[in-house]
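The values are calculated or read from the model by the stated rules, or taken from the named source; none is laboratory data. None of the values given here were measured: they were computed from a predicted structure. With ligands, DNA and RNA removed, areas are computed over all heavy atoms of the protein, side chains included. Shrake-Rupley method; radii C 1.70, N 1.55, O 1.52, S 1.80 Å.
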Amino acid sequence: MMLKRLLLLLVLATPVHAVQPDEVLSDPGLEARARQISQVLRCPVCQGENIDESNAGVSRDLRLAVRERLVAGDSDAQVIDYIKDRFGEYVLFEPERRGANLILYWIGPAVLVVALGGIFLWLRGRRREEEPVPVLSAEEEARLKDLLKD
């Protein structure tokens, strides 16, 4: 009984592909390229799914467009550019590293460097504040003893 449940969980944990049987190309090489391209294209409707996993109608249309372009003889880059030209750069899971997108790629490391610099300066400043307490003179010790007696 436990083995059946485990097998069911393993089956449910596998990735689900929304590609319909009527979409699959007869040429295995082209189909493999179509699947590979579909992994890098984001569904415009579904926030975090690629078009290969999405059941949205627009994803089906995109999958069909990818396959049409491949059958027409386009290269992978041409197919991606074709889709990007129609839906914008949002459709790419990994935006191109140029222009305003460079901010997205460099902001994380820049914040890390600034944070590490701030931590370094803070720790360095803490060490300076921890100066040793001066030793009391003989007069101050005598006066302290007199005050503590009361």
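Listed by chain and number, the lysines placed with their C-alpha closer than 21 angstrom to that of Lys4 amount to none; residues fewer than eight positions away on the same chain are left out.
Amide H contacts of Glu49: Cys43, each under 5 Å away and 5 or more positions distant or on a separate chain (H built 1.01 Å from N in the peptide plane; Pro and chain starts excluded). Extension gain for the segment Val58 to Leu3, taken as residue separation times 0.36 nm less the Cα-Cα distance, is 15.9 nm to one decimal. Among Leu70, Leu104, the sequence by solvent-accessible area, most first, with a 1.4 Å probe is Leu104, Leu70. Comparing segment 87-150 with the 2.2 N^0.38 Å rule of thumb, its C-alpha radius of gyration ratio is 2.68 (two decimals).
Each residue of segment 43-55 is assigned a 3J(HN,Hα), and the resulting list reads 5, x, 9, 7, 5, x, 10, 7, 6, 6, 9, 7, 9 Hz, derived from the Karplus form 6.51 cos²θ - 1.76 cosθ + 1.60 (θ = phi - 60°), x at Gly and Pro.
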